[in-house]
Amino acid sequence: MATSDLKNVVVVGGGPYAGGKVAAELAKKLPSTHRVVVVDARNYAYVTGIAARAAVVPKWELDVAMPIAGLFEKGSRHVTLLGYKAVSFTNDSVTLDKPADGFGTTIEAAAIVLATASEYTYPATVDLPSIQAVRDSLVKTQQEVAKAQHVLIVGGGAYGVEFAGEVADQYPRQKQITLVTSGSSLIGGPYTPKLGKSLASQLEQRGVRIIYDDCVEEKFSFGPTEKRTMKTRGGVEIEADFVVPATGSKVRSELAKGHEGIVSKDGRFKCRATFQLETLDHVFGIGDTIDLSGLGLTRTAAAATFQLPTLVGNILRVVEGKDQSLSDYKPGAEPIFITVGPSGGAATVFGFYLPSFLTKLAKSKDLLRAPTHKTYHYTRKTPLPAEA
């Protein structure tokens with residue numbers, strides 16, 4: 001079949017936890033009359049779950065970013081449009097910021113998947129033009145962390161805990177590490193209290209000082225700072241010469257324009273249990289793009305993996321014209337894995353708490369990089385693309 005006759009399933013966002021996995025699965029299962037078209041403003045996928053280690057431990061910068069073009073083998077009918085930004089969508093089309101060869105500015109679509117993820121502070125998110133620029137930036141950060149003596153981490157969620165664990169493991173008892181959280185425990189959320197207690201115990205065993213129910217009101221950005229004493233709202237004094245803000249994420253909500261009626265207060269698209277957006281039968285969402293609160297779901301990398309089969313199955317039914325036979329996602333107790341360096345951590349799976357030695361085997365040691373790299377057919381020897 002000529003490429004011009006193929007029907008498109010457009011995936012907006014080629015990241016490793018949602019868009020990339022969806023695209024890879026669809027490429028295996030779509031009928032020969034259809035192709036996947038991945039649209040992303042940059043040409044690499046960045047693994048937030050590896051970022052903390054890559055910012056602290058040398059050589060891990062080689063594992064955190066992979067060319068999105070690697071999703072599909074050469075000669076595949078599936079396409080990656082990299083360096084293009086989706087600026088709007090309807091139930092059956094996606095509009096780009098500039099014309100793409102063979103597509104123009106508007107791509108007609110049999111189905112659309114929104115997987116634009118969220119923005120975090122560096123290094124959990126990067127805004128750099130190439131993989132080489134990402135690597136160079138992380139190596140610089142590794143050197144800065146090595147020189148620091150007083151590391152302050154503000155935020156007691158997963159990223160703050162994992163960054164603290166990486167520094168404590170790489171430089172055992174060599175640095176003063178302080179973590180400040182506004183919560184009464186680490187992590188919080190719908191998880192068993194054992195999770196936060198275990199992580200706190202492991203960090204404290206590694207010499208990390210944890211301050212609960214407090215915050216740092218002073219404005220700061222990630223990275224080294226002139227050594228100074230910072231004071232929390234509660235009056236606790238903390239010495240710091242390196243600061244890590246880890247207090248949450250920002251939704252990428254540019255595509256919400258024109259769809260305000262189906263957007264939640266925090267900028268996420270409201271969806272049904274089928275992962276279809278409200279009022280748009282051929283537009284689906286996954287991960288941070290959608291408002292999951294009505295379904296009782298969580299936004300974690302592990303949770304997105306559990307949601308994937310239902311989403312992909314429903315997209316296949318839509319492109320086959322079986323719109324009336326879609327499946328509802330039936331959430332269980334979605335898992336979360338949190339590392340404390342390569343040898344520690346804790347997790348909950350199906351509501352059951354997993355201790356550190358099991359978390360180490362499941363994630364901490366290797367950070368699941370092998371399956372992520374496999375999705376993009378990536379190795380450390382993969383040639384790097386230039387800027388998108």
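The values are calculated or read from the model by the stated rules, or taken from the named source; none is laboratory data. Keep in mind the model is a prediction, meaning the values are calculated, not measured. When we count neighbours, we look across all protein chains shown, and the Cβ atoms used for this are built from the backbone with ideal geometry, even at glycine.
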Take the residues in the range 206-234 that are assigned to a loop (DSSP other than H, G, I, E, B) and touching an Asp or Glu at 6+ places or on another chain (Cβ under 9 Å); name whichever of them is surrounded by the fewest Cβ atoms within 10 Å (Cβ to Cβ). Gly234
Of all residues being touching a Ser or Thr at 6+ places or on another chain (Cβ under 7 Å) and among the basic types (Lys, Arg) in the range 1-56, which is surrounded by the fewest Cβ atoms within 10 Å (Cβ to Cβ)? Just the residue, please. Lys7
Taking the criterion of being modelled with pLDDT under 95, farther than 19 Å from Thr121 by Cα, exposed (fewer than 15 other Cβ atoms within 10 Å of the Cβ) and not basic (Lys, Arg), would at least one residue in the range 192-199 satisfy it? yes
Which pairs do you get when a residue that is surrounded by 14 or more Cβ atoms within 10 Å (Cβ to Cβ), found in the range 346-367, comes within reach of a residue that is among the charged types (D, E, K, R), reach meaning Cβ atoms under 6 angstrom, with the pair 6+ apart or on two chains? Tyr353/Lys194
Consider Thr116 carefully, then state whether it is at pLDDT below 95, among the hydroxyl-bearing types (Ser, Thr, Tyr) and assigned by TED's automatic domain parsing to the domain that holds Thr274. yes
Picking from Asp281, Asp241, the residue that is acidic (Asp, Glu), out of contact with any Phe, Trp or Tyr (no Cβ under 6 Å at 6 or more places or on another chain) and in the same structural domain as Gln307 (by TED's automatic domain parsing) would be Asp281
Can you tell me which residue in the range 284-336 is farthest from the chain's Cα centre (by Cα), limited to those that are at pLDDT 90 or above and among the basic types (Lys, Arg)? Lys322
Conditions: (1) touching a strand residue (DSSP E or B) at 6+ places or on another chain (Cβ under 7 Å); (2) charged (D, E, K, R); (3) farther than 21 Å from Ala41 by Cβ. Lys140 meets all but one. Number of the miss? (1)
Matching option when the condition is over 22 Å from the mean Cα position of the chain (by Cα), not polar (S, T, N, Q) and not assigned by TED's automatic domain parsing to the domain that holds Glu25, among Leu384, Leu354: Leu354
Members of the range 70-111 that are among the small types (Gly, Ala, Ser), under 22 Å from Ala45 (Cα atoms) and surrounded by fewer than 19 Cβ atoms within 10 Å (Cβ to Cβ): Gly75, Ser76, Gly83, Ser88, Ala100
Looking only at the range 128-185, count every residue that is outside any loop (DSSP other than H, G, I, E, B), more than 21 Å from Lys59 (Cα to Cα) and free of Cβ contacts under 8 Å to residues at least 40 places away in the same chain and tell me the total. 2
So if I check each of Arg272, Arg268, which one is among the charged types (D, E, K, R), in the same structural domain as Phe306 (by TED's automatic domain parsing) and within 18 Å of Ile315 (Cβ to Cβ)? Arg272
Considering the range 169-191, residues that are under 15 Å from Ile338 (Cα atoms) and buried (at least 24 other Cβ atoms within 10 Å of the Cβ), and then whichever is farthest from the chain's Cα centre (by Cα), we arrive at Leu186
What number of residues within the range 235-248 are free of Cβ contacts under 8 Å to residues at least 24 places away in the same chain and crowded, with 22+ Cβ neighbours inside 10 Å? 0
Those residues of the range 257-267 which are within 21 Å of the chain's Cα centre (by Cα) and either in contact (Cβ under 8 Å) with a residue 24 or more places away in the chain or not in a loop (DSSP other than H, G, I, E, B) (or both), in sequence order: Val263, Ser264, Asp266
Test: residue in the range 239-250 that is farther than 24 Å from Thr178 by Cα and either aliphatic (A, V, I, L, M) or within 20 Å of the chain's Cα centre (by Cα) (or both): yes
